Amino acid sequence: MIAHRGVNQVYTGSDRSNDACHASPVAPVKHSFIENTIPSMREAFRLGADVVEIDVHLTTDSVFVVFHDWTLDCRTDGTGVTNEKNLATLQSLDVGYWIDDGTEAYPLRGQAVGLMPTLDSVFEENMEGQFLINFKSRRRDEGAALAAILERSEVRDKVYGVYGGQRPTRIAIEATPDLRGFDRSSLEACLIRYLALGWSGYVPESCHNTIVLIPQNYARFLWGWPHRFTRRLKSVGTDVILAGANDGSGFSSGIDDADSFREVPEAFDGYIWTNRIELIGPLNSSRE
């Protein structure tokens, strides 16, 4: 199980584009967990996540913070571009300031001041699981900075993989032994060649020693789906992640409800990507 951003407030708006603000409206607020915070990550692991996906930005004073948005205006009481701020500024903000369930009551205001963590502080928590790190930028220096952090043996085992911007992702992978990851072009290179040649059992070199994310509505087109496909990729050092349906909007869809979970193959030996670990984690435990 991969919990996307940990336990979060679920966006219910109709604008699912990458440029939209997803802090409002959210489903009626029934808990205080906010994505990409340490309490959220801890709760996700408790609910059955093996991996928590987190988003990182490198600050002006060269510290990675964990936060999703490119700008601060959507979720926090700050303004401006996230990676154009220093650590002190970012950690003074309320990361739940604009979260609202449509009532304009902003029920989480004041509860998340100072909760934007550094990546180092996440690692220091020694949580029971690993992290999939998403580079939000295309900056090469972010890949090099993460690779330097991963030289520490006590940190390396905590990172499942990396993905996102092509430049930082590839720099981090090239500089870190056995680190796997993906970007959009690497996924396309693997899957397009596999669609053309997989009937023969051949697994293209572009599918070796990596991570492949498959939208649920595309999976059936892959030769040997599900079990022969996952076994083939595992034999060349690659993990398969099953995500939710791709609707073309760019929104990060996961296996987020009981209906989509029922469509996950029995005895599936890949990872399941979810935005609703509080729902899917218990369902998965029951199935097991």
Any residue in region 218-232 that is of a type in the set (D, E, K, R), open to solvent by 30 Å² or more (accessible area, probe 1.4 Å) and part of a loop (DSSP other than H, G, I, E, B)? no
Which of the residues belonging to region 175-214 are free of Cβ contacts under 8 Å to residues at least 12 places away in the same chain and either farther than 26 Å from Trp225 by Cβ or part of a helix (DSSP H, G or I) (or both)? Pro177, Asp178, Glu188, Ile192, Ala196, Leu197, Ser200, Glu205
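Quick one: is Ile272 assigned to a strand (DSSP E or B) and open to solvent by less than 50 Å² (accessible area, probe 1.4 Å)?
yes
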Criterion: surrounded by 15 or more Cβ atoms within 10 Å (Cβ to Cβ) and part of a strand (DSSP E or B) - qualifying residue of Asp55, Asp69: Asp55
On the basis of being out of contact with any helix residue (DSSP H, G or I) (no Cβ under 7 Å at 6 or more places or on another chain), over 24 Å from Phe182 (Cα atoms) and loosely packed, with under 15 Cβ neighbours inside 10 Å, does Gly96 make the cut? no
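I'd like to check something: does region 19-33 contain any residue that is under 25 Å from Ala148 (Cβ atoms), β-branched (Val, Ile, Thr) and part of a strand (DSSP E or B)?
Scanning region 19-33, I find no residue that is under 25 Å from Ala148 (Cβ atoms), β-branched (Val, Ile, Thr) and part of a strand (DSSP E or B), so the answer is no.
Is there a residue in region 105-124 that is in a strand (DSSP E or B), surrounded by 17 or more Cβ atoms within 10 Å (Cβ to Cβ) and modelled with pLDDT of 95 or more?
Keep residues of region 105-124 that are in a strand (DSSP E or B), which gives 113, 118.
Of the ones still in play, those that are also surrounded by 17 or more Cβ atoms within 10 Å (Cβ to Cβ) are 118.
Now restrict to residues that are modelled with pLDDT of 95 or more: 118.
Looking through region 105-124, at least one residue is in a strand (DSSP E or B), surrounded by 17 or more Cβ atoms within 10 Å (Cβ to Cβ) and modelled with pLDDT of 95 or more.
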Taking region 46-103, which residues are among the hydroxyl-bearing types (Ser, Thr, Tyr) and at pLDDT below 95? Thr103
What are the residues in region 233-256 that are surrounded by 17 or more Cβ atoms within 10 Å (Cβ to Cβ) and either assigned to a helix (DSSP H, G or I) or acidic (Asp, Glu) (or both), if any? Leu233, Asp239, Asp256
Single residue of region 142-160 satisfying the filter (under 27 Å from Ile214 (Cβ atoms) and in contact (Cβ under 8 Å) with a residue 60 or more places away in the chain) that is surrounded by the fewest Cβ atoms within 10 Å (Cβ to Cβ): Tyr160
Report every pair of residues separated by at least 6 positions or lying on different chains whose Cβ atoms are under 8 Å apart, first residue within region 257-278 and touching a residue at least 24 places away in the same chain (Cβ under 8 Å), second basic (Lys, Arg) and assigned to a helix (DSSP H, G or I). Asp269/Arg231; Asp269/Lys234
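Residue-wise test of (1) among the polar types (S, T, N, Q); (2) under 27 Å from Gly161 (Cβ atoms); (3) buried (at least 18 other Cβ atoms within 10 Å of the Cβ).
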site: Asp15; (1), (2), (3): no, no, no
site: Cys21; (1), (2), (3): no, no, no
site: Val26; (1), (2), (3): no, no, yes
site: Asn36; (1), (2), (3): yes, yes, yes
site: Phe45; (1), (2), (3): no, yes, yes
Can you tell me which condition Val7 does not meet? The list is (1) outside any loop (DSSP other than H, G, I, E, B); (2) hydrophobic (A, V, I, L, M, F, W, C); (3) buried (at least 24 other Cβ atoms within 10 Å of the Cβ), and all the others hold. (1)
Here the residues within region 78-93 that are surrounded by 16 or more Cβ atoms within 10 Å (Cβ to Cβ) and part of a loop (DSSP other than H, G, I, E, B) are Gly78, Lys85, Gln91, Leu93
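The values are calculated or read from the model by the stated rules, or taken from the named source; none is laboratory data. Please read all numbers here as calculations on a predicted model, not as lab measurements. Cβ: placed from backbone, ideal geometry, glycine included. Neighbour counts: every protein chain shown. Accessible surface is based on the protein model in full, side chains and every heavy atom, while ligands, DNA and RNA are left aside. Shrake-Rupley method; radii C 1.70, N 1.55, O 1.52, S 1.80 Å.
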